[in-house]
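Read the figures in this text as sums done on the coordinates, not as results from a lab. Fair warning: this is a prediction, and the values are worked out from it, not measured in the lab. Cβ placement follows ideal geometry from the backbone for every residue including glycine, while neighbour counts extend to all protein chains displayed.
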Amino acid sequence: MISVIFSEFIIYLCVSILMGTFILTFVPNNYRPFIYVKKGILILATVGIALFSFMPILRLIFNLQGRIGWQKGFQTVLLTFDIGKAWIFTVFVVFLLLFFILRFYHSDQSNYSWIGCLLTLVLILTLSWSSHASSLEQEKGLITHLVHFTAVSIWIGTLLIVSWFSKNYGNWLMFLRWFTPLAVGCILSTVVSGIILMSFFVDLSHYLYAWTVNYGNFLLIKQLMIISLLAYAAINGIFIRHNLKKDKNFNPIPWSRVESIVALLIFSITAAMGQQSPPGGNTSEVYDLSILFELLYQGEYYPGADLQFSLNTTSSLLLIIACLFLAMIFYTFYKKQSAMITILLSILFVFSSYLAILTSLV
């Protein structure tokens, strides 16, 4: 399971690197800092998608080989399962993308970058085809996952590349002028598509009951982590713009790097969610309770029990503490302290918020 979680995390990272690189190469030089991404990194990211997207297929083959053998299991998964067919198309697109990178891509030329964006989008399509949402809702699941994955890869991919591959922070104000509205659009698309995706796995009318199982716990932690990510997005999109107008020597890169690190943490949580069993339609009648829920729930829970959200003294204090941790992120920026310190503040915000919510269930 750990290997599959790691492989999904790497896939998110590789797709984001490709999308972010091609978008920034396509943008004129005076609208972004000077950025240089080696071809070798793009090649590794492209090959990585093909290799690591094979991990779930390999696990299926392992499960089948005891009954039908290796050869038959390999043929069955690749030729009859949607995940196998999608992987074949993924490999085909990977070869096209490798040819494009080796033959036409140049970091200082934007003539053909739109082709790289298009091929990366096709890769996202093939990966969405093999997603859990697509297997449950087919066309609706495929489209929703495609929109969600695309919006995330554009937003986080651009952020990753500009944070870790910029050679300077020149033209940062010009960069924010187009990236901020793009990021806002991606965030809105991510939220809307994320809610639709969540409805495939969790009965929204019984959302509280999802917190009783591991899948729901990871989902809650992810949502809380997204709140902290939005705090960084506000700092990088609004407050840093103000600082740059007053001080041209202000370096915004550390704060964008911290935002990208938090985004990577969300990728890892998303990958872990993919290996948990969703509660399904009747979330009020789950039997495989989360250890954390059993530890924190202040009562005796049984399948079909009425679960409600009610703040008490303990949860209220924890919620106040969580808000203070979130406010300290902005205070750290205001006092011009190290941005890296705020990663700990983000983790403490998520931890205290999580405790506040779980201890509010009665």
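Computed over the Cα atoms of the range 204-362, the ratio of the radius of gyration to the Kirkwood radius (Rg/Rh) comes to 1.06.
Taking only the Cα atoms of the range 221-269, how large is their convex hull per residue, in Å³?
Given the Cα convex hull of the range 221-269, per-residue volume reads 47 Å³.
Remark: spin-label model distance K335-L51 equals 4.4 nm, labels positioned 7 Å along the Cα→Cβ axis. Computed 3J(HN,Hα) for the range 261-274, one whole-Hz value per residue from the Karplus formula 6.51 cos²θ - 1.76 cosθ + 1.60 where θ = phi - 60°, is 5, 4, 4, 5, 5, 5, 4, 5, 5, 4, 5, 5, 4, x, glycine and proline marked x. Could you pull out every one of the lysines with an alpha carbon less than 20 Å from that of K72, ignoring same-chain neighbours closer than 8 positions? Reachable lysines: K85. Restricting attention to the range 204-362, the count of lysine pairs at 8 or more positions apart or across chains with alpha carbons under 28 Å apart stands at 7.
Pick out, in residue order, every one of the trypsin sites (Lys or Arg not before Pro) in the range 1-95 that is DSSP loop and has at most 16 other C-beta atoms within 10 Å; say none if there are none.
Numbers: sites: K38, K39, R59, R67, K72, K85; in loops: K38.
Those that pass, being in a loop and sparsely packed, are K38.
Computed over Cα pairs, the Kirkwood radius of the range 112-198 leads via Stokes-Einstein (0.890 mPa s, 25 °C) to a diffusion coefficient of 173 µm² per second.
Global size of the range 1-201: 18.1, 61 Å for Rg and Dmax (C-alpha atoms, Rg to one decimal, Dmax whole). Expressed per residue, the C-alpha convex hull volume of the range 38-134 stands at 95 Å³. Once the Cα-Cα distance is subtracted from the 0.36 nm per residue extended length, the I195 to F26 segment shows a gain of 57.7 nm.
Can you give the extra length, in nm with one decimal, that the chain gains between S316 and E139 once fully stretched, where that is 0.36 nm per residue apart less the Cα-Cα distance?
Working: separation 177, 0.36 × 177 = 63.72 nm, distance 4.27 nm.
Contour length minus Cα-Cα distance gives 59.4 nm.
Computed from phi, the 3J(HN,Hα) profile of the range 7-13 under the Karplus parametrisation 6.51, -1.76, 1.60 (θ = phi - 60°) reads 5, 5, 4, 5, 4, 4, 5 Hz, with x in place of Gly and Pro.
Which stretch or stretches of the range 199-215 have amide N atoms under 17 Å from the point lying 7 Å from I291's Cα along the Cα→Cβ direction? The answer is 212-215, whose backbone nitrogens lie closer than 17 Å to the label point.
How high is the FRET efficiency between F239 and L204 when r is their beta carbon distance and R₀ equals 45 Å, given to the nearest 0.05? Could the numbers behind the result be given before it?
On the way: r = 34 Å, r/R0 = 0.76.
Working from the Cβ atoms, E equals 0.85.
Using r as the Cβ-Cβ distance of L96 and I347, and R0 as 56 Å, what FRET efficiency do you calculate, to the nearest 0.05? Efficiency for this residue pair is about 0.90.
For the pair W178 and L264, label points projected 7 Å from Cα toward Cβ lie 2.7 nm apart.
Projecting the Cα atoms of P252, T150, Q138 onto the charge dipole of the chain, computed from C-beta unit charges around the Cα centre, puts P252 farthest toward the positive end. Say R0 is 22 Å: what FRET efficiency, to the nearest 0.05, do D306 and Q223 get from their beta-carbon distance? It comes to 0.40. In order along the range 323-334, the phi-based Karplus estimate (6.51 cos²θ - 1.76 cosθ + 1.60, θ = phi - 60°) of 3J(HN,Hα) comes to 5, 5, 4, 5, 5, 5, 4, 5, 5, 4, 5, 4 Hz; Gly and Pro are listed as x.
Kirkwood's formula applied to the C-alpha pairs of the chain gives a hydrodynamic radius of 22.0 angstrom.
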